[in-house]
Amino acid sequence: MTESNVDREALQGGGPSQLLEAFVSYLRVPSTRGDDGSPRFEGVSLQSGELGGVSVITLKPLAGRPERTVLYFHGGGYVSGSPPDRYLPLAAAVALAANARVHVVDYRLAPETPFPGAFDDCLRAYHFLVTRSGADMETVVLLGDSAGGNLAVAVTAAARDQGLPLPARIAVLSPFADLTLSGASIEERKHLDPLVTREMLDATVRDYLAGGDPRDPRCSAIFADMRRLPPMLIQVGENEILYDDAPRLRDAAQAAGVDAAFEPWRHGFHIWPVFISAGLPESAAAVERVAAFFKAVAC
């Protein structure tokens, strides 16, 4: 599929839908917190649980019945993001926009649990979801941002190799998919990126790999065998030092025959959709694109 300047279309062509604008207005600040201190969002239920012994937080719309299940792997460079409160506004927005049950996987982090700990936890959660939960595989999709985007692709490839049912679709946001850190954008776009530095990436790789091989496809999905993987949506900001991971992931997927849609967002920074609670219209528009991608799967 060809690239699409979706940020300009969404923002200059009337902006995100009124529904997404409403999401932004009440997701900006969680309205209440539960007895356990976890955030609560208007119109969305939130519950802690497990999938295959791996901790998850599950969000779903209060009204109606969810039409699909999203397994979401959060970012944080494998070293942060637990508990995943920072990612719950995005999960809540996806739950509402896609009318979905969203499981946010709270995988173990490095350096206490180095590679392949995060991958193993995410694969275990996926295995349980598709074999024990009764989920309809025609409506199961994966979502991941940054390191979680890599996990979404790597887990799907591993599921294929193990003969497990595959998700209907995969959406990845600002994928951190090359732990060799060989992308030219790390140097070329360092003056543009307001969030990520080469030093941060070096520390993350050191803590997570703990001497492991950065070319292992479980931690660097650009090296994975992607044959027979489901359709993929890749969103990336043009102001990211990790920008090159996204087109290389697309190229590897398309070379394997995967239907991979690639969306570079002008002025986008690393994992900008995660910051929907800050009221960014670009974040809302990106979530709407993800929801539309998921909803295109027949229920």
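Nothing in this text is a laboratory measurement; each read-out follows from the coordinates by a stated rule. Remember, it's a predicted structure, so these values are computed and weren't measured experimentally. With ideal geometry, Cβ positions are generated from the backbone for all residues, glycine too; neighbour counts draw on all protein chains shown.
General observations
- Cut-off under 5 Å, modelled amide H: who pairs with residue 75 long-range: 145, 148
- Leading residue at positive end of dipole, region 113-243 (Cβ point charges), from 205, 152, 180: 152
- Were the residues from residue 200 through residue 266 laid out at 0.36 nm apart, the gain over their Cα-Cα distance would be 21.4 nm.
- Global form of region 209-251, assessed from the alpha-carbon gyration tensor, a/c cut-off 1.5: oblate
- Region 173-299 - Debye-derived log10 I(q)/I(0), Cα point model, q = 0.11 Å⁻¹: -0.41
- Computed across region 87-240, the Kirkwood radius stands at 16.3 Å (inverse of mean 1/r, all Cα pairs).
- Look at the alpha carbon pairs under 8 Å that are at least 6 residues apart: their mean separation over the length of the chain gives a relative contact order of 23 percent.
- The loop-placed trypsin sites (Lys or Arg not before Pro) in region 224-262, going by DSSP, that have at most 15 neighbouring Cβ atoms within 10 Å of their Cβ come out as 227, 228.
- Of all DSSP beta bridges confined to region 6-295, the antiparallel ones make up roughly 35%.
- Fully extending the segment from residue 45 to residue 187, taken as 0.36 nm per residue of separation minus the present Cα-Cα distance, adds 46.9 nm.
- The trypsin sites (Lys or Arg not before Pro) found in region 170-203 that occupy coil by DSSP, while having at most 13 further C-beta atoms within 10 Å, are 190.
- Taking the square roots of five times each eigenvalue of the Cα gyration tensor of region 6-295, the equivalent ellipsoid has semi-axes of 25, 23, 19 Å, listed largest first.
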